[in-house]
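Any read-out appearing in this document is the output of simple, stated calculations on the displayed coordinates, not a laboratory observation. Keep in mind that what you see is a predicted model, and the values were worked out from it rather than measured. Here the Cβ positions follow ideal geometry from the backbone for every residue, glycine too, while neighbour counts run over all protein chains shown.
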Amino acid sequence: VTGYSMGGYGTWSAISKSPDLFAAASPICGGGDASVICNAKGMAVRAYHGDKDTVIPYSSSVKLIGALKDCNAEADLITITGANHGIWPKLFQDPEFYSWLLKHKKN
């Protein structure tokens, strides 16, 4: 599952509320509730966020990935250095983005 901006919020929410539906998640420039994110600790999560985002603070992704790591989850934050909120066009054209998502399977 993936989503950008409000869809990033939706991604964080979906994996917190229904973690059994997904093998992997890539929220992009999103945020969410760190108090329930450990529900998603059984899946791979790779978040993307520009560190100069003026729409949704970069700290939102830092907080959520940190909370997942505190739960011993497989979680990474890919920081797009110097980037603002509009990181999705280049990201969605990167084959590695899809390769990472699709290499994860539900058992």
For the chain, any Cys whose C-beta has no other cysteine C-beta under 4.7 angstrom counts as unpaired, and these are C29
I want to check the label-to-label distance for L21 and T81. Put each point 7 Å from Cα in the C-beta direction and report it in nm to one decimal. 3.7 nm
Using a 7 Å offset from the Cα along the Cα-to-Cβ direction at both Q93 and S59, what is the distance between the two label points in nm, to one decimal? 3.3 nm
Span-like helix ranges in the chain, DSSP H, alpha carbon extent 24 angstrom or more, Kyte mean at least 1.6: none
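Mind jotting down a quarter of the surface of the convex hull over the alpha carbons of the stretch 51-107, in square nanometres, one decimal?
For the stretch 51-107, the mean projected area of the Cα convex hull comes to 4.8 nm².
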